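The values are calculated or read from the model by the stated rules, or taken from the named source; none is laboratory data. Everything numeric in this text was worked out from a predicted model, so none of it was measured. Counting neighbours? That spans all protein chains shown, and the Cβs are built from the backbone with ideal geometry, glycine included. Ligands, DNA and RNA are stripped out before the accessible areas are found, and what is left, the full protein with its side chains, is counted by its heavy atoms. Shrake-Rupley method; radii C 1.70, N 1.55, O 1.52, S 1.80 Å.
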Amino acid sequence: MIRVQTLTLAFLIFLIFSVLGQSSSQFVIKGNVSDNQTGETLPFAAVFLANTTVGTVTNDKGDFVLHVPKSGSYDLIIKFAGYKTFIKSIQFFEAQTFEVNAKLEVETRQMRGVTVTAKKDEKWKRNLEDFKRGFLGTSPFARECKILNEEVIDFYFDEEKNIFEAFASEPLIIENRALGYRIKYVLEGYMVYFNEKYSSYWGYPSYEELRGNKKPRARWLKNREVAYMGSVDHFFSSLFNNNLKEDGYLVQMARDVDGKRYLDRNELDLYQFVKPGSTANSKRLEFQHILYVTYTKELIPPELGTVINVSDVPVYGNKQRSQFHLFEGKTFIEFEKNGYVYNPLDYIVADYWGVEKMGDLMPIDYINTRSANK
């Protein structure tokens, strides 16, 4: 987890320029972080907006200030070693300052007697490789990702329920050399449900730009556009603006009847299922059955051709086809213009989107400059 240590000169310079660059922001979050029991302030706690490049640390008095670049909904995350993750949803509809006094509770969760071991055996190494495939993904970009602190990860298998679980004693540090990001990921859960044949993970990433000269930066910018276009975030952003067809998406509906899947080959006007959301910034997609989403502007990379199983539904022209459906009892997905989803644990994605995981995930404050200049 975050350790109290002396800040380097380079980090201090980075913070100074970050504050100067954001001083004109009209959206501000400020507050204090302390121990809920003792009231003792917590210096150098990590404070960030999940899935963005906006973050800082508390000072020696436990105080912090975040300057948010634009309006929208955000998850404020505060993490300190030995304490439970503090999570608060914040929505900016107009220029304002939010004050947050975060009182952190000591982490008392126990993983059924499992502890992180100092010695990693062959079984742990095999579990680690399985975890990295399920967490980072198997895409070309995922192959350029490296978890720098793998030793903090350990695993548990529930034989009775046939569930595999991974957990980390501190935030994972991920270096993505394909996209040019260093990511701190607070892993809240990673589960593989063998009986149900799916896996899921959830947590809170914070992004920081890697340093590089002109050549790697040009490659990173190009790769970021590739990663974003056709992604889940891009899809929901396009749906919010009713631009699915223009942006290259073809949507079809499928149903499972008596163990067989039937696909309606007609293109579906998905926007007819979009309703107003619970806030002024959000909309809801209300649907049933299974939605197949084909991104027509990009092909599946040749090296992934034998990896992706598209649920026995043919893929024409080797296009990127994905599917998603709601879990039982859920009726909608609520989302915002930038692709931010309010209820990400209420649905599951598969096929191409199932291959693209942390290795392809972009921050929600990413701006595609080419699209922005249209």
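Quick look at the values:
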item	result
Tally of residues being at pLDDT below 90, surrounded by 11 or more Cβ atoms within 10 Å (Cβ to Cβ) and part of a helix (DSSP H, G or I) across the stretch 271-304	2
Meets criteria (within 25 Å of GLY134 (Cβ to Cβ), out of contact with any Gly (no Cβ under 8 Å at 6 or more places or on another chain), open to solvent by 20 Å² or more (accessible area, probe 1.4 Å) and at pLDDT below 90) for ALA372	no
Of residues in the stretch 182-226 being of a type in the set (Phe, Trp, Tyr) and free of Cβ contacts under 8 Å to residues at least 60 places away in the same chain, the one most open to solvent (accessible area, probe 1.4 Å)	PHE194
Subset tally (residues that are within 23 Å of the chain's Cα centre (by Cα) and not in a loop (DSSP other than H, G, I, E, B)) for the stretch 217-250	21
Filtered residues of the stretch 168-197 (kept if over 18 Å from the mean Cα position of the chain (by Cα) and either assigned to a strand (DSSP E or B) or over 30 Å from HIS325 (Cβ atoms) (or both))	SER169, TYR193
Options SER169, SER199, SER139, SER206: the member that is polar (S, T, N, Q) and touching a Ser or Thr at 6+ places or on another chain (Cβ under 8 Å)	SER206
Residue match in the stretch 64-75 (condition: touching a Gly at 6+ places or on another chain (Cβ under 9 Å), free of Cβ contacts under 8 Å to residues at least 60 places away in the same chain, buried (at least 20 other Cβ atoms within 10 Å of the Cβ) and under 19 Å from GLY39 (Cα atoms))	yes
Residue count for the stretch 36-68, restricted to those that are under 19 Å from the mean Cα position of the chain (by Cα) and not β-branched (Val, Ile, Thr)	6
Residues satisfying the stated conditions in the stretch 138-162, i.e. of a type in the set (A, V, I, L, M, F, W, C), surrounded by 16 or more Cβ atoms within 10 Å (Cβ to Cβ) and over 27 Å from LEU210 (Cα atoms)	PHE155
Residues (outside any loop (DSSP other than H, G, I, E, B), closer than 30 Å to PHE335 by Cβ and either among the polar types (S, T, N, Q) or open to solvent by less than 30 Å² (accessible area, probe 1.4 Å) (or both)) located in the stretch 34-63	ALA46, VAL47, PHE48, LEU49, THR52, THR56
Some residue of the stretch 251-264 being within 16 Å of ARG321 (Cβ to Cβ) and in a loop (DSSP other than H, G, I, E, B)	yes
